[in-house]
Amino acid sequence: MKKIITIAKWEYIEKIKTKAFVISLVLTPLIIIAFSVLPTLLSNKEELRTKAIGIVDPSNEYFKELTNELEAYKIDNDQPNYVILNLSGKGKTLDEMKNEADKEVLDHKIEGYILIEHGNTDSMSMQFRSENFGSFQDLRRFEEKINKIRVNHELMKKGIDPEIAGIFQNNVEIEQIKIEKSGKEGKQDFLVVFFSAFIFILLLMMMVIYSGQMLIRSLIEEKSNRLIEILISSCTPEELLSGKILGLSALGLTQIAIWSLIGISLVGGAVIPPEAFENILPMLVYFILGFIFYTTIFVGIGAIVTTEQEAQQMTTYVSLILIMPIVIAISAIQNPDTMIVKVLSYIPLTIPSIMLLRFKVAPVPTADIIITLSILVLSTLITLKLAAKIFKIGILSYGKRPSISELIRWLKEK
Amino acid sequence: MIEVQNLVKEFQNTVAVDDISFSVKPGTIFGLLGPNGAGKTTTIRTVLNIIKPTSGKVLFNGESINTNFLNQIGYLPEERGLYKKSKVIDVILYFAQLKNMTRTQSLQEAEKWLKRLNILKYRNSKLEELSKGNQQKIQFIMSVIHNPELMIFDEPFTGFDPINQQEIRELIFSFIPQGKIIILSTHQMETAEKLCSEIFLINKGKEVTSGNLSKLKNKLGGNHVEIKYNGDISFLSGLGEVVNLDAYNNYAEIELKQDVEPSSFLKILTEKIELTHFSIIEPTLNSIFIKLIKQN
């Protein structure tokens, strides 16, 4: 045990000092933040601008009311979100109006303009003409308001009280509520669920690939400079193996700890919704066990491969299995009880990621937690034993990669 | 004491070590000699318990070798490398602690050894900044810092300049009075000749010969004389007493038949040519080695 700790300490301290580690420590969360936060930030920015919007409405049926409705939207410090300009000049043909308005757009005097044709007839049509496709939110607002005004007009023509029209337009939206075991209710937002689970799986995958490669690289280094011979004339292969796994897991946990601190500080800044951190404890258990399981697999691989290129290929394949559940994530969120989700949550390689997903979607039955954890722990132990065996023989076979039949023979060897 | 009994190691298609036995007593340097690919490294790995023998036994002080002995073994492998990016002192401490030394002990010993090999000034340098010779010194330190009972050096002198070779040779000698069991594997016969009292010659996995070096020389060396002369010695090759003639300009090495007395051969020579020098020479281990391997 003392030697395992010595090895773990060495691996931990030597690796944590490397530039590559420091860079990945900072870079990874930056990338994740860039992917998850930047789009929100950008689209939020969009709202913070007053936009000049023109209206071309030859019938003059909509202009006044539409202007009132749209100018009611405010952004920060009570500035209007839209400034409306009337571009339907008197005595001009529709084509002339269009040409002039288009020119205004191209000269960047206005953001775009709403073109309402045949406003007073049944064959009314509408366009929003701009240089770029406008934001979805803007378009939705324009459409909603114009339709509201149109319906009002139509009803009034038929002599119906506009108040009744209001009844038609007050839609009630369905809100999704997730029922938790404890009886408290939580709001279920598909995107929050998807992305928070996604981020965890992505994080796990990145860590697995990163430390897996680090582990294999160190094994290949020790193999090629024959330090491995001194190492295993100083400790048993099992000790060496466990020490390396322990050291790298500690390294991984350090990474998570630092990343979590960043995450928590971001929650403080309300950028990541706090729901993302629900069930964080059981998820951490799966995360850590999953990480150890995959690291153990990599040790076996590291004992077999002889060059870094080979190692890279193998790690990539293994890591792909890890993200496979992402593919079925959408259907899993919509219906966590489907067969494929159940099956995948009993396969050791996919347990970590699928369980991370399931925790986000619906309460996981205790029985399932116990079963999956047992499978994961058991397969980690078995893999550890097999890896140690391969490792024992593999580390001394230099030069060529063993064939499958050779591997099987190694495993059978006592 | 190390005892190797009827050791056999087979790999998939080849027999790397075929039924060899030897023992090494404390306070001796045992030379494990043989050409490349003879099975030296496989033998060493079995002794180190890195690989399991197909059959046969390795006993360390009467007990089957096992992982409990790891801390009493010091090993310097033939091919050397180190963690290039790490600091000298850190690497030495790591391996010393892997041999169950405490940190304080390791630090003390490390500094003692660095000083002894005149490289204390590199204590905090990265290994990649050291010359090849100095890196090898670090490896040597790593193999002896824990004061092991059994020391195995695989080609310890390759890569050292003559001065450092001398330094390392003296160090290895200094382990003899301490009663260490020392196994030296090499194909440099000159080195082995200077260091080893016992040798074991291995070729193609099999024992060629073994035993006390000076006795072996007597037994296998044959009957050699060297002469310096003026005149024509071509008649020698026709002579019944001569087995082999190595003639140069006014100098020759002659192997005589086992039963021929050098003094009577001297008489024959003085009758025919003018001798300026005549001496009986001991064969070098090198010549024995080449002869035996060729016969093999």
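Quick notes on this structure:
- Each Cα pair under 8 Å and six or more residues apart adds its sequence gap; the mean of these over the residue count of chain B is a relative contact order of 21 percent.
- Whether the range A:50-171 is rounded, prolate or oblate, judged on the alpha carbon gyration tensor where a/c under 1.5 counts as rounded: oblate
- Each residue of the range B:177-193 is assigned a 3J(HN,Hα), and the resulting list reads x, 7, x, 7, 8, 10, 10, 10, 9, 7, 10, 8, 5, 4, 4, 4, 4 Hz, derived from the Karplus form 6.51 cos²θ - 1.76 cosθ + 1.60 (θ = phi - 60°), x at Gly and Pro.
- Phi to ³J(HN,Hα) by Karplus 6.51 cos²θ - 1.76 cosθ + 1.60 over the range A:221-238, Hz, x for Gly, Pro: 4, 5, 5, 6, 9, 6, 4, 4, 5, 5, 4, 7, 9, 10, 8, 7, x, 4
- Burial ranking of peptide ranges A:383-389, A:91-97 (average Cβ count within 10 Å, highest at the top): A:383-389, A:91-97
- DSSP beta bridge pairing in the protein assembly as shown, given as percent antiparallel to the nearest 5: 65 percent
- The range B:236-296 and the range B:1-63 have Cα centres lying 37 Å from one another.
- Between B:Ser55, B:Phe95, B:Val8, the Cα set farthest toward the positive side of the dipole of the range B:1-109 (charges on each charged residue's Cβ, about the Cα centre) is that of B:Phe95.
- Simple label model, 7 Å out from Cα along Cβ direction - B:Ile280 to A:Lys158, nm: 13.6 nm
- Distance in nm between pseudo-label sites at B:Asp19 and B:Lys219 (7 Å out along the Cβ direction from Cα): 1.8 nm
- In straight-distance terms, cross-link reach from B:Lys126 covers every one of the aspartates and glutamates whose alpha-carbon lies under 14 Å from its own, apart from those fewer than eight places away in the same chain; here that gives A:Glu14, B:Asp90.
- Long-range tail of P(r) for the protein assembly as shown (Cα pairs > 34 Å, %): 66 percent
- The long axis of helix B:88-98 is offset from the longest Cα principal axis of chain B by roughly 80 degrees.
- Relative contact order of the range A:50-171, taken over Cα pairs closer than 8 Å and 6 or more residues apart, is 27 percent.
- Protection proxy ranking of B:192-201, A:71-80, B:90-99, by the mean of other Cβ atoms within 10 Å over each peptide's residues and highest first, is B:90-99, B:192-201, A:71-80.
- Three semi-axes describe the equivalent ellipsoid of chain B; taken as square roots of 5 times the Cα gyration tensor eigenvalues and ordered largest first, they are 44, 24, 16 Å.
- A:Leu115 long-range amide H proximity, modeled H, under 5 Å: A:Val56, A:Gln127, A:Phe128, A:Arg129
- Ordering of A:346-356, A:20-30 by packing [mean C-beta count within 10 Å, highest first]: A:346-356, A:20-30
- When chain B is treated as a Gaussian network with alpha carbon springs shorter than 10 Å, the biggest mean-square fluctuation among B:His146, B:His277, B:His224 belongs to B:His277.
- Highest-fluctuation residue, B:Phe265, B:Phe60, B:Phe30 considered, GNM on chain B with Cα pairs under 10 Å: B:Phe265
- Estimated [θ] at 222 nm from DSSP helical runs (n ≥ 4, -39500 (n - 2.57)) normalised by residues in chain B, nearest 500: -10000 deg cm²/dmol
- Restraint check, B:Lys85/B:Lys112; B:Lys219/B:Lys294; A:Lys385/B:Lys137; B:Lys132/B:Lys294, Cα-Cα greater than 27 Å: A:Lys385/B:Lys137; B:Lys132/B:Lys294
- Fluctuation leader among B:Ser143, B:Ser86, B:Ser237 - chain B, Gaussian network, Cα springs under 10 angstrom: B:Ser237
- When the listed pairs A:Lys342/A:Lys412; A:Lys17/B:Lys40; A:Lys3/B:Lys115; A:Lys9/A:Lys342 are checked against a 30 Å cut-off, the alpha-carbon distance exceeds it for A:Lys342/A:Lys412; A:Lys17/B:Lys40; A:Lys9/A:Lys342.
- Residue-averaged beta-carbon neighbours from other chains (10 angstrom radius) around B:95-104: 4
- Residue-by-residue Karplus 3J(HN,Hα) for the range B:55-65, coefficients 6.51, -1.76, 1.60, Hz, glycine and proline x: 8, x, 9, 10, 10, 10, 6, x, 10, 4, 5
- Taken residue by residue and averaged, Cβ atoms of other chains lying within 10 Å of the Cβ of B:77-83 number 6.
- Reachable lysines, given that their alpha-carbon falls under 18 Å from the alpha-carbon of A:Lys92 and they are not under 8 places away in the same chain: A:Lys103
- The alpha-carbon of A:Lys109 sits under 19 angstrom from the alpha-carbons of these aspartates and glutamates, leaving out residues fewer than 8 places away in its chain: A:Glu46, A:Glu47, A:Asp57, A:Glu71, A:Glu96, A:Glu100, A:Glu131, A:Asp138.
Values in this text are rule-based calculations from the coordinates and carry no lab data. Computed from a prediction, not measured in an experiment: that's the story for all the values here. Because the Cβ atoms are built from the backbone with ideal geometry, glycine has one as well, and the counts that use them run over all protein chains shown.
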